[in-house]
Amino acid sequence: MPRIILSERGSFLGKSGEQFRITRKDAPEVLIPARKVEQILILGSGISVSSDAIDMANELGVEIVFANYWGRPIARLIPASLGGTVKTRREQYDAYDDARGLELAKSFIRGKLKNQSSLLKSFAKKWKGDRPELWQEFRGSSSAIESLIPHLDPIKGVVEDCRDRIMGVEGTGAEIYWRTWARLIPEEWNFPGRDYPAAKDLINSLLNFGYYVLEQEIWGATLYAGLDPYAGFLHADRPGKEKLVYDMMEEFRPLVVDRVVVGLAREMKPGHFQEDCRMTKEGMKIASSAFYHRLDERISYREKSHLLKNIIRSQASSVATFLRGERPAYEPFTPRW
């Protein structure tokens, strides 16, 4: 169990020897070996964590994330020893005003467009024989998105001056992608299209929850790589917003979240949601299990098998080594589907 997820009011996380101890009202006590835990996620309110459990998490390098019931992070407790190298962060700040920052911003969007295209192409395969019109539509959208990638190449300068042009390419791709992706969702869900960030329907609620899960994973990866999660390139700086995390999420959104939501739209029912679009206890269990299972999946990449969550950490390390001048370019993660 690499993660402990607590979402039930009245839950308590404590310590018993070298184990985390979970107690809930009218439920048997649960003991989990602490050395097997990578992250503790506290979802919602009315949940307590003892100082002893926090101390043990700190010693073992376990991150504790506090999030609201929608999954949006509120606060994080990270091991005090995690600080990263000064050199990495100095280079990260300097890169904002030179070519490195622009190249990273373009690479993040290249990866996103490529993976959006590949996702649509992968779903098109099943319709080639039975529904040729859908196969044509998805293949056409996939090609249209991929054709946007070369439009990033001639953009030169510093990221502050070029951000709108990069995001313009991304926005054109998003329009094609979400219009086509919506065809994968059964009609009974009444998906109106991507609505960010507010979720006024159940599918957007699922997408947002999945992106919050991805955000937590990448936030930890940036810290372990010695990067400042708040100093981004593609997304403009805003106080309290982890812009580098949002940057690095782009190439992983189709892989980690969008694909999983297509499956959840067939597994979950409207009864798994409340009137305000929040998930019920059972709905939360199904959705969180699906997203975390995806992060724990093995993917074939560059002729080797890797856990997807480890690839995320590897990509964060690649950003750091590129910024330090130890590699010539940052290559986004774009596996074959």
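Do we have any residue at all in the stretch 21-34 that's more than 21 Å from the chain's Cα centre (by Cα), modelled with pLDDT of 90 or more, outside any strand (DSSP E or B) and surrounded by fewer than 18 Cβ atoms within 10 Å (Cβ to Cβ)? No, the stretch 21-34 contains no residue that is more than 21 Å from the chain's Cα centre (by Cα), modelled with pLDDT of 90 or more, outside any strand (DSSP E or B) and surrounded by fewer than 18 Cβ atoms within 10 Å (Cβ to Cβ).
Here's the yes/no breakdown for (1) surrounded by 13 or more Cβ atoms within 10 Å (Cβ to Cβ); (2) among the acidic types (Asp, Glu); (3) in contact with a helix residue (DSSP H, G or I) (Cβ under 6 Å, 6 or more places away or on another chain):
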residue: LYS15; (1), (2), (3): yes, no, yes
residue: SER45; (1), (2), (3): no, no, no
residue: ASP55; (1), (2), (3): no, yes, no
residue: PHE66; (1), (2), (3): yes, no, no
residue: LEU77; (1), (2), (3): yes, no, no
residue: ALA99; (1), (2), (3): no, no, no
residue: GLU103; (1), (2), (3): yes, yes, no
residue: LYS112; (1), (2), (3): yes, no, yes
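Restricting attention to the stretch 186-222, the residues being in contact with an Asp or Glu (Cβ under 8 Å, 6 or more places away or on another chain), over 26 Å from ILE311 (Cα atoms) and among the aromatic types (Phe, Trp, Tyr) number 2.
A single member of ILE54, ILE64 is under 24 Å from TRP219 (Cβ atoms), at pLDDT 85 or above, part of a strand (DSSP E or B) and not assigned by TED's automatic domain parsing to the domain that holds LEU223, and it is ILE64.
For the stretch 315-337, the candidate set comprises residues that are in contact (Cβ under 8 Å) with a residue 12 or more places away in the chain and in a helix (DSSP H, G or I); within that set, the residue that is nearest to GLU91 (Cα to Cα) is LEU323.
Within the stretch 240-289, no residue satisfies the criterion of being touching a residue at least 60 places away in the same chain (Cβ under 8 Å), touching a Pro at 6+ places or on another chain (Cβ under 9 Å) and among the β-branched types (Val, Ile, Thr). Candidates in the stretch 137-157 are the residues that are within 11 Å of LEU120 (Cα to Cα) and without any contact (Cβ under 8 Å) to a residue 24 or more places away in the chain; of these, the one that is surrounded by the most Cβ atoms within 10 Å (Cβ to Cβ) is ARG139.
Residues that are touching a Gly at 6+ places or on another chain (Cβ under 6 Å) and over 26 Å from VAL37 (Cα atoms) are absent from the stretch 292-302 altogether.
The values are calculated or read from the model by the stated rules, or taken from the named source; none is laboratory data. As the structure is a computational prediction, the values presented were derived from the model and not from experiment. Cβ: placed from backbone, ideal geometry, glycine included. Neighbour counts: every protein chain shown.
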